[in-house]
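Novice: Sharing a structure, written as structure tokens. Questions coming.
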Amino acid sequence: MKNLFHIQNDDRIKVHSKTTGKVYSTKLQVALSKEALSNLEVVHDGGFWDSVIWTEPHENYLDLLDERCRQLRDKYDYLILYYSGGADTETVLQSFLRSRTFLDEIVINRICFNNNDPALLDIELAIQKVKTYIRFMPGTRVTINHVDEKIITDFCNKERWLDTPFNGTIGMIRRLTVYDFAEYNHSQVYAKGNVGQIYGENKPVLTVKNGIWYNKLSGWGIAAALIGEWFFTSPDLPKLHLKQCYLVKNYWQEYNLPIDKVLGGLNDGVTNRLKDGRSIRQHLEAACRLPFDQRWQPVKASGLGNDVRSGAFDTEDSLVYKHMRKYAPNLMNLWNDGIVVPIVKEIGRSNHLNLDKFDMERIPIREYQLN
């Protein structure tokens, strides 16, 4: 494949070495570098966010969502939204609808290894939602790509996948672009001209130290970070990211939620509940996302090896691995032997391996104080 993951902005997330001055783009590059993690720092958008004044914007959140939709429409000839039906892309799609901003195409990547495996419920719900929305979106094309056994087999057998931003998770395969599908199975690409590929990144990641709130621009470890346009977090409209940070901060304070339960809330799982019975992630979504049907929504990945080896987690990736292990066991063996084991070995050789997760230790991310 010539165009794996269709990189559109490879400067969005870089890992900078404070000692050598070198810059890295992927987990594997860091692992192979043998740099000490204490010497590294994740930097977004070439340091753009260092110059941002982190005060709460006075604009209404809905108005900023509408502005972002119109901004993307003006920037590109053809707009594609990659839609999962989760809180992020659901808010993006609702914003395009509400602002009456035209989307050229909505893409859903559906996992179906063979004719025997049942549907993944979260993806099927996304398809049903789009069938409802599309009645109010004349002219918008809906594309459902099928992530099948052949595509994953071809991917596992790709000789030079180590050169890509792929970090080993099946979640990245769920985010293949229309261009990637075209190169694998010759499906048609409808996009013309200057193409904007929209992803629903990112929710705020906040922490509190000595009563002071900080934001960490997330995304390191998400291979999709280098693809397309991030909707919520972009130098083109920094106020949108700032606004959602303050929405979460203000929400947490209004409801007197424990401040030690903000950071990491995206991966809190279904058992980590606060006093009202809702998970931390559900509170985050209530604070800065539009209401949506959240049935069957999995939490994010918990670590490459952790998701593969453990049946105890219902994360986005572990659900697919369990599905693959049950309905396409040979494919699971291929994935494990061809992808997971080599990556874990490379990381382990560099002493960057987190033995609890069988994934790379977290690299420090630059923090920004909310005023």
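The values are calculated or read from the model by the stated rules, or taken from the named source; none is laboratory data. If you're wondering where the values come from, they're calculated on a predicted model, not measured in any experiment. Cβ atoms come from the backbone with ideal geometry, glycine included; neighbour counts cover every protein chain shown.
Novice: I'd like to know if the range 87-109 contains one or more residues that are surrounded by fewer than 16 Cβ atoms within 10 Å (Cβ to Cβ), more than 30 Å from residue 138 (Cβ to Cβ) and without any contact (Cβ under 8 Å) to a residue 12 or more places away in the chain.
Specialist: Keep residues of the range 87-109 that are surrounded by fewer than 16 Cβ atoms within 10 Å (Cβ to Cβ), which gives 97-98, 100, 102.
Those still in the list that are more than 30 Å from residue 138 (Cβ to Cβ) too: none.
There is no residue in the range 87-109 that is surrounded by fewer than 16 Cβ atoms within 10 Å (Cβ to Cβ), more than 30 Å from residue 138 (Cβ to Cβ) and without any contact (Cβ under 8 Å) to a residue 12 or more places away in the chain.
Novice: Moving on to the next point. Working carefully through the options 27, 14, 75, 34, find the one that is over 22 Å from residue 354 (Cα atoms) and either touching a residue at least 24 places away in the same chain (Cβ under 8 Å) or surrounded by 13 or more Cβ atoms within 10 Å (Cβ to Cβ) (or both). Walk me through it before giving the result.
Specialist: Details: 27 fails: over 22 Å from residue 354 (Cα atoms); 14 fails: over 22 Å from residue 354 (Cα atoms); 34 fails: over 22 Å from residue 354 (Cα atoms).
Exactly one of 27, 14, 75, 34 is over 22 Å from residue 354 (Cα atoms) and either touching a residue at least 24 places away in the same chain (Cβ under 8 Å) or surrounded by 13 or more Cβ atoms within 10 Å (Cβ to Cβ) (or both), namely 75.
Novice: What residue, of 281, 295, is surrounded by fewer than 17 Cβ atoms within 10 Å (Cβ to Cβ) and under 22 Å from the mean Cα position of the chain (by Cα)?
Specialist: On the way: 281 fails: surrounded by fewer than 17 Cβ atoms within 10 Å (Cβ to Cβ).
When all the criteria are applied, what remains is 295.
Novice: Condition first: over 21 Å from the mean Cα position of the chain (by Cα), among the basic types (Lys, Arg) and assigned to a helix (DSSP H, G or I). Now tell me which residues in the range 44-100 satisfy that.
Specialist: 70, 73, 75, 98
Novice: I need a count of the residues in the range 169-186 that are of a type outside the set (A, V, I, L, M, F, W, C) and either free of Cβ contacts under 8 Å to residues at least 12 places away in the same chain or in a helix (DSSP H, G or I) (or both).
Specialist: From the range 169-186, those of a type outside the set (A, V, I, L, M, F, W, C) are 169, 171, 174-175, 177, 179-180, 183-186; that's our starting set.
Now drop any that are not either free of Cβ contacts under 8 Å to residues at least 12 places away in the same chain or in a helix (DSSP H, G or I) (or both), which leaves 171, 179-180, 183-186.
Qualifying residue count for the region: 7.
Novice: Right, something else. Hey, any hits in the range 278-290 for a residue that's over 18 Å from residue 89 (Cα atoms) and touching a helix residue (DSSP H, G or I) at 6+ places or on another chain (Cβ under 6 Å)? Let's see the steps before the verdict.
Specialist: Step one: of the range 278-290, the residues over 18 Å from residue 89 (Cα atoms) are 278-280.
Applying the additional criterion that residues be touching a helix residue (DSSP H, G or I) at 6+ places or on another chain (Cβ under 6 Å) yields 280.
Checked against the condition, which is being over 18 Å from residue 89 (Cα atoms) and touching a helix residue (DSSP H, G or I) at 6+ places or on another chain (Cβ under 6 Å), the range 278-290 yields at least one hit.
Novice: Also, I was wondering about something else. Considering only residues that are over 20 Å from residue 197 (Cα atoms) and polar (S, T, N, Q), which ones fall in the range 131-156? It would help to see each step written out before you state the result.
Specialist: Taking the range 131-156 first, the residues over 20 Å from residue 197 (Cα atoms) are 131-132, 135-136, 148-156.
Listed by number, the residues that qualify are 132, 153.
Novice: Please count how many residues of the range 24-43 are in contact with a helix residue (DSSP H, G or I) (Cβ under 6 Å, 6 or more places away or on another chain) and assigned to a loop (DSSP other than H, G, I, E, B).
Specialist: Result for the range 24-43: 0.
Novice: Right, something else. Which of the residues that make up the range 301-325 are surrounded by fewer than 20 Cβ atoms within 10 Å (Cβ to Cβ) and without any contact (Cβ under 8 Å) to a residue 60 or more places away in the chain? Give the steps one after another, and end with the answer.
Specialist: Of the range 301-325, the ones surrounded by fewer than 20 Cβ atoms within 10 Å (Cβ to Cβ) are 306, 309-312, 314, 322-323, 325.
Within the range 301-325, 306, 309, 310, 311, 312, 314, 322, 325 meet the criteria.
Novice: Another question, then. Is there a residue being under 23 Å from residue 302 (Cα atoms), modelled with pLDDT under 90 and within 16 Å of the chain's Cα centre (by Cα) anywhere in the range 109-120?
Specialist: No, there is no match, as no residue in the range 109-120 is under 23 Å from residue 302 (Cα atoms), modelled with pLDDT under 90 and within 16 Å of the chain's Cα centre (by Cα).
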